[in-house]
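Right, one structure below, let's go through it.
No value in this document is a laboratory result; all are computed from the given coordinates. Predicted model only: the values in this text are computed from it and were never measured. Glycine gets a Cβ as well: all are built from the backbone with ideal geometry, and neighbour counts include every protein chain shown.
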Amino acid sequence: MSIELIIGILNIVLISTTPLVFAGIGELVTEKSGVLNLGLEGLMLVGAVTGFITLVITGNYFYSLFLSIISGVILSGIFAFLVLNLMTNQIATGLALTIFGIGLSAMLGKKFGGTPIDGLNPYYFIVISFLLVFFVAYFLSKTKTGLIVRAVGENHNSAYALGYNVIKTRYLTIIFGGVMSSLAGYYISICYAPMWQEGMTAGRGWIALALVVFATWKPWRLLVGAYIFGGVAIMQMNLQAIGVKLPGQFFNMMPYLATIIVLVFISSNKLRLKLSAPSSLNIPFEKNQ
Amino acid sequence: MLRKILTFLSFLAVISVSAVHADQKKIGFIYIGPPGDHGWTYMHDQGRIYMENALGDSISTTYIENVPENADAVRAIRKLAASGHDLIFTTSFNYMDQTLEVAKEFPDVKFEHATGFKRMDNVSTYSARFYEGRTIIGHIAGKMTKTNTIGYIVSFPIPEVIRGINAFYLAASKVNPDVKIKIIWNYSWYDPGKEADAANTLINQGADIIVQHTDSYAPCQAAEKAGVLAFGQASNQEAFCPNSHMTSIEDIWGPYYAAKAQAVVDGTWSSEDTWQGFKDGMVEMSPYNTKLLPLDLILEAKNMETAIENGTLHSFEGPIYNQAGELVVKEGEVADDGMLASMMFYVQGIDGEVPQ
């Protein structure tokens, strides 16, 4: 293999893995505070379509990025209100958010499908994604606020008794996760495959969710996991193109299979499970308990 | 505002008037993707619109988009059948058994299944001879490639796709015996990101022409970005890659849909198998890109189209060997429709194996 070929492969891996890093790192922070948001796919699609439409209308990358982020804030804000204030079931609400996002993005983008745009250089986002993982890892382990987020996720009643504002913390982490998902979507429709087509995220939100479990809620492992998932997908394409016979369907299910294996592995040991999964994940918090 | 409300009210009135139209036939469509994919589903939807315009008030149409090729398809088809539709088009190969299952329950409803081969008294099948278009683009690719490497992105290993690969390769290797095709199976019809990855991988491995048999225009766009050539799929994709798009194979469903709907209106519909190509206008080539292709090559391509229409040229003319070196089509003969419909082998010269 020549150097050019390897650089080319790395280039494709970087470009195709970045949306997983964005959506995954956002969800990791949300889950660290004890909230499970299954709405990533919907958030990504709405982020993608909002950015795309704004770019087509205004021709301005900054506005399109801004509105895409706003769409993430609004949608995840609604999700946060439902699960935190009205205490709806997180799983059902997250699924509803995904289904809503798929429909909403399709409706908004109906007139814009097939409009050609000039894509943005993906390297800005690739660099940001690495910085982001570094920032989140530092934030969660070395800053006081990060420790509060983790305390809220581990035991919200204790955190509340200590005087921390559980609801506010969770609002912020949910909105952070939402914004990261819409950035992942924006990256897909503006950099990765510069176009708008319905359902174009094609299940990447679900892979990002699996990734958080695969990484056992640790930022650096999430980055490594994302590049394993992305790298394997691109490697199998390269092997196919060289003429090696491979079971392609197997590679499509690989991220989910790997996640199940990790789940089995960490659940086989209660202590290990406790160390990684936030204990209050998916448990609603009531102030008057 | 008032004007908008009035328009809306009159729209409602039109709907309610057309709803009470006694002998109006209801026609339903099941789509695998969104009509906005600018590929496969887009062209079926164009066919639906053509049919609506052609038949006017005597029909009304409905469609369900993004129907997966699994048990969900049964529910979607049954939903249309149970809600009084007279004719239902199911527009993807893997709706085959699902279509038959629902057709057994609703013997009075007519079904039209695209690209399949199982028929019943109330189920017709229809398809286009896309492979004729693949012969044209194979010829062009064989002459235009400089690296002698062509990247080919495909969805699922089904006869229609494999037939396309073979037709393409036979034509390309006829004008350029050194040509190699690199094939990537994506196992999805529609995932723009993955299609772009596959195109970039192939370009990285030295392909200077990208051919696709998937539904989004991401591969063509990736080719444009990398500065290599490409062919579009299903609809004219020139707008998305003006500097690399040589031509597209277009699926033209409208006239067929209109004819079948008319047959239902007239009560003359019967179960049959339709497989049409250039000759009947079900497959067309988009305008050849004069900026990229030399004039004599465009003329050659046009002559080939005419020859295929006349029957003097066939995409699968003997002698054709399979990868094991066995003669599958004798010299002086052409592959019959039975062989084409069930083609699950690569012809000699293609590297790799057909995935099982």
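Taking all Cα-Cα distances within the protein assembly as shown, those exceeding 51 Å account for 15%.
Here each label is just a point 7 Å from Cα along the line to Cβ, and for A:Asn282 and B:Thr268 those points are 6.1 nm apart. The loop-placed trypsin sites (Lys or Arg not before Pro) in the range B:100-175, going by DSSP, that have at most 11 neighbouring Cβ atoms within 10 Å of their Cβ come out as B:Lys146. Extension gain for the segment A:Trp220 to A:Ser158, taken as residue separation times 0.36 nm less the Cα-Cα distance, is 19.5 nm to one decimal. Placing pseudo-labels 7 Å out from each Cα toward the beta carbon at B:Glu309 and B:Asn70 gives an inter-label distance of 4.5 nm. Here's the picture: a label point sits 7 Å out from the Cα of B:Ile49 along the beta-carbon direction, and within the range B:283-321 the residues with their amide nitrogen under 20 Å of it are B:283-287.
Helix A:123-142 versus the longest principal axis of chain A: what is the Cα-based angle in degrees, 0 to 90, to the nearest 10? Computed tilt is about 20 degrees.
Here the range B:123-174 and the range A:89-127 have alpha carbon centers that stand 33 Å from each other.
Taking the Kirkwood radius as Rh and the Cα radius of gyration as Rg, chain B has a ratio of Rg/Rh equal to 1.00. The angle between the Cα long axis of helix B:96-105 and the main principal axis of chain B comes to about 20°, on a 0 to 90 degree scale. Given the C-alpha centroids of the range B:231-250 and the range A:191-210, what is the distance between them in whole angstrom? The range B:231-250 and the range A:191-210 have Cα centres spaced 23 Å from each other. For chain A, find the longest principal axis of its Cα atoms and tell me its angle to the long axis of helix A:204-214, 0 to 90°, nearest 10. Helix A:204-214 and the main axis of chain A meet at about 50 degrees. Listed from fewest to most Cβ neighbours within 10 Å, the set B:Val211, A:Val166 follows the order A:Val166, B:Val211. Only aspartates and glutamates eight or more places from B:Lys79 in sequence, or on another chain, were considered; those with a Cα closer than 20 Å are B:Asp45, B:Glu65, B:Glu69, B:Asp97, B:Glu101, B:Glu105, B:Asp108, B:Glu112. Semi-axes of the equivalent ellipsoid of the range A:3-276 are 29, 25, 17 Å, computed as sqrt(5λ) over the eigenvalues of the C-alpha gyration tensor in descending order.
Note on the range A:200-286: Rg/Rh from C-alpha atoms, Kirkwood Rh, equals 1.07.
The fewest-to-most ranking of A:Met87, A:Met180, B:Met96 by surrounding Cβ atoms within 10 Å reads A:Met87, B:Met96, A:Met180. Coordinate range of the alpha-carbon atoms in the range B:57-127 per principal axis, descending: 31, 26, 23 Å. The residues B:Ser92, A:Ser71, B:Ser83, when put in order of fewest to most other Cβ atoms within 10 Å, stand as B:Ser83, B:Ser92, A:Ser71. Cross-link partners for B:Lys302 among the aspartates and glutamates, with Cα-Cα distance under 20 Å and sequence neighbours closer than 8 places in the same chain left out: B:Glu132, B:Glu238, B:Glu250, B:Asp251, B:Asp280, B:Glu284, B:Glu317. Spin-label model, A:Leu239/A:Asp118: points 7 Å from Cα along the beta carbon direction are separated by 4.1 nm. Across peptide A:195-208, the mean count of Cβ atoms from other chains lying within 10 Å of each residue's own Cβ comes to 5.
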